[in-house]
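Engineer: Here it is, the structure in full.
Values in this text are rule-based calculations from the coordinates and carry no lab data. Computed from a prediction, not measured in an experiment: that's the story for all the values here. Ideal geometry is used to build each Cβ from the backbone, glycine not excepted, and the neighbour counts take in all protein chains shown.
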Number of protein chains: 2
Amino acid sequence: MIDREHLYLRLAVDLAILTVRDDALQALVITRANEPFRGRPALPGGFLRGDEDIDEAAVRELAEETGLDGTALHLEQLRAYGAPGRDPRGRIVSIAFLAIMPDLPLPTAGSDASSAAWVPVERVRGTLSFDHDEILDAAVERARTRLEFTTLATTFCGPSFTIGDLRNVYEVVWGHPLDPRNFSRKVIGTPGFVEPTGERRIPEIGRPAALYRAGTEKSLNPPIMRG
Amino acid sequence: MIDREHLYLRLAVDLAILTVRDDALQALVITRANEPFRGRPALPGGFLRGDEDIDEAAVRELAEETGLDGTALHLEQLRAYGAPGRDPRGRIVSIAFLAIMPDLPLPTAGSDASSAAWVPVERVRGTLSFDHDEILDAAVERARTRLEFTTLATTFCGPSFTIGDLRNVYEVVWGHPLDPRNFSRKVIGTPGFVEPTGERRIPEIGRPAALYRAGTEKSLNPPIMRG
DNA sequence: ACAAAAGTGTTCCTTCTACACCCATGA
DNA sequence: TCATGGGTGTAGAAGGAACACTTTTGT
């Protein structure tokens, strides 16, 4: 075997971190503090270190950018991006991840980022550095199909939520309204999707709603139809 | 930016190449010609070169191992495997691919492989080098769900096939029988799944069956239920 | 009383499922 | 005419879609 064929390169992880905030699907976008693309928006990410697995690198980067423990949240590999020339610094292959979070305040601004902020994905479209627009598109599409077939939507919510909150997640991610009555029945009638806490939430106006927490079931079948 | 943090490594692509052959789901397994694991079974694969994208490397490796043009077949990224120590040669991260082929003769034995052969996945289980057992498991599970939601099963068949041939693919991959009559109706009633060629195949015994080729539709909705 | 959001009941329709039955061919 | 696999008809069950209607709160 000829060693010339063996290309040495650097491996990065890039994170598409999504949340539902102000009735919009938003992504965590940083402003780059270093070249290349200094001062331009990008997805958070960083280089793989010598002693860690790829998923560990993703969890570490998530913690560095958001201060949150990624092991409790949804973190999933999307795919590898490795077009020659996708990074001006040289041959860098990136493993893209999808991360789902509830709408929590961001405790820290990361080291490599001069700022980190939630931005609606509709506004981010077409503005990102490297091939991060493509990564974000893939992440959003993956999240959309995950809502159909898994209980992932509960990860967008906090520790307790109403069926209306959960429906709002679906409506925002899918971009169209759902029938509240059929949705309610479907969710409550699916064993392991949600569990009642016994508490209720009293809104400013209207009938109080029962509160639920995420159940133990992870997959949905039959799925929730996207309409 | 501290350069010590940037790990340089080599990137490999590994291919789980599946076919349906002799009423069994089989994988293309090579016997390694070089260290490490010389003489042991493994999935075909190789290192990324400097001028190619990851998917191009997968197509190239598929051609080298099977002599077939991968652009016409189904080739799909599974995920990256990068545990430190997964390869005794050093830090090597591998992008795993799923490839689907009809049951064709294998024209060539590859350069890095002393032999390449189809082996039923049930017999391969637990015998492969590196973390290739894990990769193959992921590939089989991905193929199973792809049959539900896409027209991928036609890729297992040749250029023309009967509905019975197609059903056999489903039965072998899923591991349980399907109702021939309902299956027939479902496939023929799904626009774009299959197109009649006008030809018929006369079997040794029994009624001749109409021949079809793959249609243009790639996704199935509603899906074919796995039972 | 009214607005607003939570939830229930009911009807219609599509699709899956199971199985009875008919069709076309070679031996 | 029989065995074998290809293909159609049809009745029942299950679940989705649509929507009328009731419930529970604050103002």
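Engineer: In straight Cα distance, which lysines are under 23 Å from B:K186, not counting same-chain residues fewer than 8 positions off?
Structural biologist: Cα-Cα hits under 23 Å: B:K218.
Engineer: Can you give me the long-range amide H partners of A:G215? Hydrogens built in the peptide plane at 1.01 Å from N, cutoff under 5 Å, separation of 5 or more residues or another chain.
Structural biologist: A:V194, A:E195
Engineer: Enter the Cα centre distance for the pair segment B:49-68 and segment B:139-185, rounded to the nearest angstrom.
Structural biologist: Each part's Cα centre sits 27 Å from the other's.
Engineer: Which whole-Hz couplings ³J(HN,Hα) result when phi for each residue of segment B:196-205 is put into the Karplus expression 6.51 cos²θ - 1.76 cosθ + 1.60, θ = phi - 60°, listed in order with x for Gly and Pro?
Structural biologist: x, 8, x, 7, 10, 10, 8, x, 4, 9
Engineer: Near A:D53, within a Cβ-to-Cβ distance under 14 Å, what is the net charge of the other residues, with Lys and Arg +1 and Asp and Glu -1?
Structural biologist: Net of charged neighbours comes to -3.
Engineer: Determine, from the Cβ-Cβ distance of A:R60 and B:E171 and an R0 of 51 Å, the FRET efficiency 1/(1 + (r/R0)^6), rounded to the nearest 0.05.
Structural biologist: Once the sixth-power term is evaluated, E becomes 0.70.
Engineer: Between the label point of A:P177 and that of the same position in each other copy, find the distances and list them shortest first in nm, with every label point placed 7 Å from Cα along the Cα-to-C-beta direction.
Structural biologist: Values, ascending and in nm: 5.0.
Engineer: Could you give the alpha-carbon Rg of segment B:34-143 over 2.2 N^0.38 Å, rounded to two decimals?
Structural biologist: Computed over Cα atoms of segment B:34-143, the ratio equals 1.04.
Engineer: When Lys and Arg each count +1 and Asp and Glu each count -1, what net charge do the other residues less than 15 Å away from B:F193, Cβ to Cβ, add up to?
Structural biologist: +2
Engineer: Per DSSP H run of at least 4 residues, take -39500 (n - 2.57); add these up for the protein assembly as shown, divide by its residues and hand me the 222 nm value, nearest 500 deg cm²/dmol.
Structural biologist: It lands at -8000 deg cm²/dmol.
Engineer: Let me confirm one metric for peptide A:78-87, namely the mean number of other chain beta-carbon atoms within 10 Å of its residues' beta-carbons.
Structural biologist: Mean partner shielding for this stretch: 5.
Engineer: Sequence-distant or interchain residues sharing an amide H contact under 5 Å with B:L220, placed H: which?
Structural biologist: Those lying under 5 Å, H to H, from B:L220 are B:T150, B:T151.
Engineer: Amide H neighbours of B:S129 under 5 Å, counting only residues 5+ apart in sequence or on other chains, H built in-plane at 1.01 Å?
Structural biologist: Amide H to amide H, under 5 Å and 5 or more residues apart or across chains, B:S129 pairs with B:A42, B:L43.
Engineer: What are the ³J(HN,Hα) couplings of segment B:117-129, residue after residue, when phi is run through the Karplus curve with 6.51, -1.76, 1.60 and θ = phi - 60°? Round to Hz, x for glycine and proline.
Structural biologist: For segment B:117-129, the Karplus-derived couplings read 8, 6, 9, x, 4, 5, 7, 6, 2, x, 9, 7, 7 Hz, x marking Gly and Pro.
Engineer: Additional query: Give a residue-ordered list of calculated ³J(HN,Hα) values for segment A:73-85 (Karplus: 6.51 cos²θ - 1.76 cosθ + 1.60, θ = phi - 60°; whole Hz; x for Gly, Pro).
Structural biologist: Taking θ as phi minus 60°, the curve returns 9, 7, 9, 9, 5, 8, 5, 8, 10, x, 4, x, x Hz for segment A:73-85.
Engineer: How many Cβ atoms of partner chains, on average, are near each residue of B:35-47 if near means within 10 Å of its Cβ?
Structural biologist: Across the residues of B:35-47, the mean count of other-chain Cβ atoms within 10 Å is 1.
Engineer: Pick from A:L147, A:L136, A:L11: which is most flexible by mean-square fluctuation in a GNM of chain A where alpha carbon atoms under 10 Å apart are linked?
Structural biologist: Taking springs between Cα atoms under 10 Å, the residue moving most is A:L11.
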